[in-house]
Amino acid sequence: MSRKLRRIVSLTAAATGLALGVPLWAQAPAHAAGGACITGGFEFTDSAGARQPGQEFTVEVRRAGRTTVLASTTTGADGRFRVCVSEAQAAYDVDVHVVYSNPYWKVVSGRKGVYLTALASERDVVPGSDLDLGTMLPGSDQSMTAAGIFDSVRKAWDWVPDDCWDADDAVCRQKVVSWPNKSLTEEAASYNTRTDTVELDGPVQESTVIHELGHAIMDDVYEDDFPVPEDGCYSHQMNKAYGPICAWTEGWPTYFALTVLDTPIWTQADWDDDAEYGPGDRGWTWAEGEDAEIRVVAAMWDLADANNEAGESCTEDARGPLWRTFQAHRAETFRQYWAQRAADGYAVGSRELACLQHNTIDFSDVTAATADAGTTPKGHGRPALPPRRPRG
């Protein structure tokens, strides 16, 4: 059970007397006299061909042939759900849909709207009874892929330690992922700062989904004031140097994806031969210093990673200082982020500097006094002319 789902279950248990340790769908209040409850499960097949539970999807019971929602719930960690309707609502035939949406993210099909999978159509619900629909799968290959994309975002959401993508938000900004998005003409993945949408097309890997989501989180945390990177960044290669802004605005989302998936190896389907590379891979010719995305990624990974190599001995909670400084400020470069980390009172001493230097980045001259030099503070808001969208 995910951390956030566990919190919901705990709050519900305290308020209703439900038992912890028992799936919430199995403990839903009995239907009112004359009402009815519908149970079932939702699963999808992942890219490796394994069946996975569809977690945190919305399930809607609608009056048959109409858009009126009679009742709704969310699938649990096991993909199961239980939703009840009143006696008056049970008088109608119903449609039951899995909706690829919840308050925190959704997956849409270009301009066609949010994905739906029909679990039942024009079903007669008998008042005073339960209807078990069994376990269902998406009805098409496209919906199956969309379900996998939805689950990739779910993994990122479950990793985030706060109650919103931006810890400062009282109301969370719902992240929107559009797939397939035929408006893309240059690449198979991007984040559009004008529409706050992750745009994907063609086959996409989980790491790519979460990387692009990382751009959306950065834009959210930076209050729609996404840094404008250097020329060449929009069709960049990870191992080359384009400038410190490109390295940071691309490096942080890559680091975020690797951290969520708990792997130092990055695989991107649209690179030749599914090229795999990670912080420990010296097979590539890597540009050096803070202008190279791969060096920023590797340095941040080494700060948190407990599997130390010769020359570095850092290990810290990725949800701790690395996350907290990111959430608290607007940085345009890794150098500025490091100064902000110092200003926040987190460790930037000889051990941490050695971990950066292990990845060819020297910040020995960076101090807390330079934390906000040359940038607008967090909360400045969207510029009058939005920057071009980040690519890749």
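The string of couplings for the stretch 53-66 from the Karplus curve (6.51, -1.76, 1.60, θ = phi - 60°) is x, x, 9, 6, 7, 8, 10, 10, 9, 10, 4, 3, x, 10 Hz, one whole number per residue in order, with x for Gly and Pro. Annotation: amide H-H contacts under 5 Å for Leu70 (H modelled 1.01 Å from N, sequence separation of 5 or more, or interchain): Val61, Arg62, Arg63. Cβ crowding within 10 Å, taken as a proxy for footprinting-reagent exposure, orders Thr193, Thr39, Thr67 from fewest neighbours to most as Thr67, Thr39, Thr193. Close amide H contacts of Gly40 (hydrogens built in the peptide plane, cut-off under 5 Å, sequence separation of 5 or more or a different chain): Phe81, Leu133. A Förster radius of 25 Å, combined with the Cβ-Cβ distance separating Ser72 from Tyr346, puts the computed FRET efficiency at roughly 0.05.
Treating r as the C-beta distance of Ala91 and Ala170 and R0 as 35 Å, the FRET efficiency rounds to 0.35. By the beta-carbon count within 10 Å of each Cβ, the least crowded to most crowded order of Leu116, Leu303, fewest first, is Leu116, Leu303.
Amide H to amide H distances under 5 Å link Trp266 with Tyr277, Gly278, where only residues 5 or more positions off or on other chains count and H is placed in the peptide plane.
Ranked by the mean number of other Cβ atoms within 10 Å per residue, highest first, peptides 104-111, 232-239 order as 104-111, 232-239. In terms of packing, defined here as the mean over residues of other Cβ atoms within 10 angstrom, the peptides 84-91, 133-140 line up highest first as 84-91, 133-140.
Rounded to the nearest whole Hz, the Karplus-based 3J(HN,Hα) values (6.51 cos²θ - 1.76 cosθ + 1.60, θ = phi - 60°) of the stretch 98-111 follow the sequence 8, 10, 7, 7, 8, x, 10, 6, 8, 10, 10, 9, x, 9, with x at glycine and proline.
The numbers here are math on the coordinates, done by the rules we state, and not lab data. The structure presented is a predicted model; accordingly, all values stated were derived computationally and were not measured. Using ideal geometry, Cβ is built from the backbone for each residue, glycine included, and neighbour counts are taken over all protein chains shown.
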